[in-house]
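For reference, the structure is listed below as structure tokens.
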Amino acid sequence: MLIVMRTDATAEEVDSVCRAVREAKLTPHPIPGKSRTAIGVTGNLAPVDPGAFAGLPGVIEVIRVTRPFKLTNREMKPEDTIVHVRAGHCSNKPVAGGGPVDIGGPEIVVIAGPCSVESHEQTIGVAAELKRLGAHILRGGAFKPRTSPYAFQGLGAEGLKILAEASTQTGLPIVSELMATDDTQLIEQHVDIIQIGARNMQNYALLKRAGRSKHPVFLKRGMSSTLEEFLLAAEYVMSEGNRNVILCERGIRAFSDYSRFTLDLSIVPELKRITHLPVIVDPSHAAGKRDLVIPLARAAIAAGADGVMVEVHTNPKKALSDAAQALTLDMFAAMMDDLRLLAPALHRRLGS
Ligand code: PEP
Ligand code: MN
């Protein structure tokens, strides 16, 4: 349910409606908008009588939200959510020249970096090149969810330190994956955006913990998840209080025998229609091979994505994970040229 306040409602009126919601054993979520505040109500196991709140001072309308996802729903918040990211901001160590980067606004955002943080030299080297070529955010896994327990598992805490140093040197904010709730504080100290990977999209303890973090959450769609399951995973994060969720389509399992996964681009305009959250597309994990990545990145932007996440390696042949899908630096530069040309045709810009 959504309680819409009058444009001239006072802060006290908003507070007293929130109090009434709590007294009804429900949870209020005030959502300030451009002209008015709305209060999302969650926690009801059965339909709530709208009449209980419709007559309260300052309330103009009470709307039933019928879909199971509430806080992610555009009916609750018609305006796009723009997630503001700054290098070092979340750990209270702002980095010179570090942003801000707005995700979900008019500018298309490019997140790039290696699959895994492999070494100091590799990460610092690729970060400097990516910055020069116009990337906005650096990615890199320190904790890696690998299919085989014998595959390279990431450098862990050491990898996070390297990422933080790459951020300090380049001003690029960092996104890196959180795999276990116990590592949350460690991740929070070193990165600016917490990634929840496809394999953990339904790890509800992890989603709840990320929901209590002050860091934005980059949530990847599970490889066999429906749109509703995806948005309910985002709802887990948001219902714990974290409003800064970025959705990422990264390919789903279908019957393709030529690509790693099938990039489900039709979910992009559908997500943009029914949620207010930013939507990023990861063509690298979907494709599994580098030659497909640039055309899919172009298609993602054309379909309305707010940006792309791509894997890039200075020497893909030597990459310790996902070598086949890593773009070379030359390919990354070519992709940036394409997106720069494409953006104005879509009334967007490629941020500088
Ligand atoms: C990643 O982005 O590092 C990753 C492991 O991707 P996914 O969770 O989509 O497989
Ligand atoms: Mn990867």
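Please treat every number below as a calculation from the coordinates, not as lab data. Predicted, not measured: the structure shown is a model, and the values here were computed from it. Cβ sites come from the backbone with ideal geometry, for glycine too, and all protein chains shown count toward neighbours.
Within region 106-131, restricting attention to residues that are free of Cβ contacts under 8 Å to residues at least 60 places away in the same chain and not polar (S, T, N, Q), which residue is nearest to ligand 1 (Cβ to nearest atom)? The extreme case among them is Val117. Counting only helices (runs of 4 or more DSSP H) wholly contained in region 266-352, the ones carrying 1 or more residues that are of a type in the set (Gly, Ala, Ser) and either within 16 Å of ligand 1 (Cβ to nearest atom) or in contact (Cβ under 8 Å) with a residue 40 or more places away in the chain (or both) occupy 283-287, 290-302, 329-345. Quick check on region 50-70. Is at least one of its residues away from ligand 2 (no atom under 16 Å from the Cβ), assigned to a loop (DSSP other than H, G, I, E, B) and without any contact (Cβ under 8 Å) to a residue 12 or more places away in the chain? Yes, the conditions are met somewhere in region 50-70. Looking at region 154-201, which of its residues are surrounded by fewer than 18 Cβ atoms within 10 Å (Cβ to Cβ), within 16 Å of ligand 1 (Cβ to nearest atom) and not hydrophobic (A, V, I, L, M, F, W, C)? Correct list: Gly156, Arg199. For region 137-156, the tally of residues that are in a loop (DSSP other than H, G, I, E, B), of a type in the set (Gly, Ala, Ser) and either closer than 28 Å to Gly88 by Cα or under 22 Å from the mean Cα position of the chain (by Cα) (or both) stands at 4. Assess whether Gly134 counts as being touching a helix residue (DSSP H, G or I) at 6+ places or on another chain (Cβ under 7 Å) and either in a helix (DSSP H, G or I) or more than 15 Å from ligand 1 (Cβ to nearest atom) (or both). Against the criterion (touching a helix residue (DSSP H, G or I) at 6+ places or on another chain (Cβ under 7 Å) and either in a helix (DSSP H, G or I) or more than 15 Å from ligand 1 (Cβ to nearest atom) (or both)), Gly134 qualifies.
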